[in-house]
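Worksheet for the structure shown next.
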Amino acid sequence: MMAGWHPAAREAYDATVASYGSPQEMTPTMAVWHHTTGPWKRTMISSQAVQHNFPGPHPDVMEQVIDYRVPPEMFDELAMYDGSVVVERTKGELSARCDKEGANLLALNLAHEIVTRRRTVEEARRKFGEEIMALKAGRPTEYTQRLLFAPMPGAMDPDRPMD
């Protein structure tokens, strides 16, 4: 079923299976785990990669989702921080797409720091680069090992009807 999958997608799939077991859903183009992968509400691995050049060139193949409410006035900051951090206001979800779980943890930890105004966008981007270099050198920190905040169950924002 994985014929034609991008090599990074196969690697992410193998690592996720080794950590969390088989996915609940599997198609020729994606694998999905629901509520069974550590802190994640959902982990999805796509067979196709999206090229991402921050902080250096790599393929985005794995999206990991948490429940989290982002105030609408912070959407622009998160978009400036990292184009692979995605806010779903109505669903109350925040996700990160990368090729490794540690990078997704890092992306969301820093997104939380931006939302809570502990870091600016520029500070978060700089910290992201430093943390990725440390991770690649075999010196992971807590930013790439776990979420440093609690997800927010019930973060949905259905908005309001027009008058």
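For every residue, the table says whether it meets (1) at pLDDT 95 or above; (2) within 21 Å of residue 52 (Cα to Cα).
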site	(1), (2)
116	yes, no
121	yes, yes
125	yes, yes
128	yes, yes
134	yes, yes
144	yes, yes
152	no, no
159	no, no
162	no, no
Filtering segment 51-70 down to residues that are part of a strand (DSSP E or B) and either surrounded by fewer than 16 Cβ atoms within 10 Å (Cβ to Cβ) or small (Gly, Ala, Ser) (or both) yields 51
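Within 24 Å of residue 141 (Cα to Cα), outside any strand (DSSP E or B) and touching a helix residue (DSSP H, G or I) at 6+ places or on another chain (Cβ under 9 Å): which single residue out of 83, 102 fits that description?
Working: 83 fails: touching a helix residue (DSSP H, G or I) at 6+ places or on another chain (Cβ under 9 Å).
Criteria check complete, one pass: 102.
Please verify whether segment 10-27 includes one or more residues that are among the basic types (Lys, Arg), over 27 Å from residue 148 (Cβ atoms) and at pLDDT 95 or above.
yes
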Note on segment 28-37: residues modelled with pLDDT of 95 or more, under 16 Å from the mean Cα position of the chain (by Cα) and not aliphatic (A, V, I, L, M) are 33, 34
Out of segment 107-141, which residues are crowded, with 19+ Cβ neighbours inside 10 Å, farther than 17 Å from residue 56 by Cβ and among the hydrophobic types (A, V, I, L, M, F, W, C)? 108, 111, 114, 115
Provide a single number: the residues in segment 136-158 that are part of a loop (DSSP other than H, G, I, E, B) and charged (D, E, K, R). 3
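The values are calculated or read from the model by the stated rules, or taken from the named source; none is laboratory data. Since we're looking at a predicted model, the values are computed, not measured. Neighbour counts run over all protein chains shown; Cβ positions are idealised from the backbone, glycine included.
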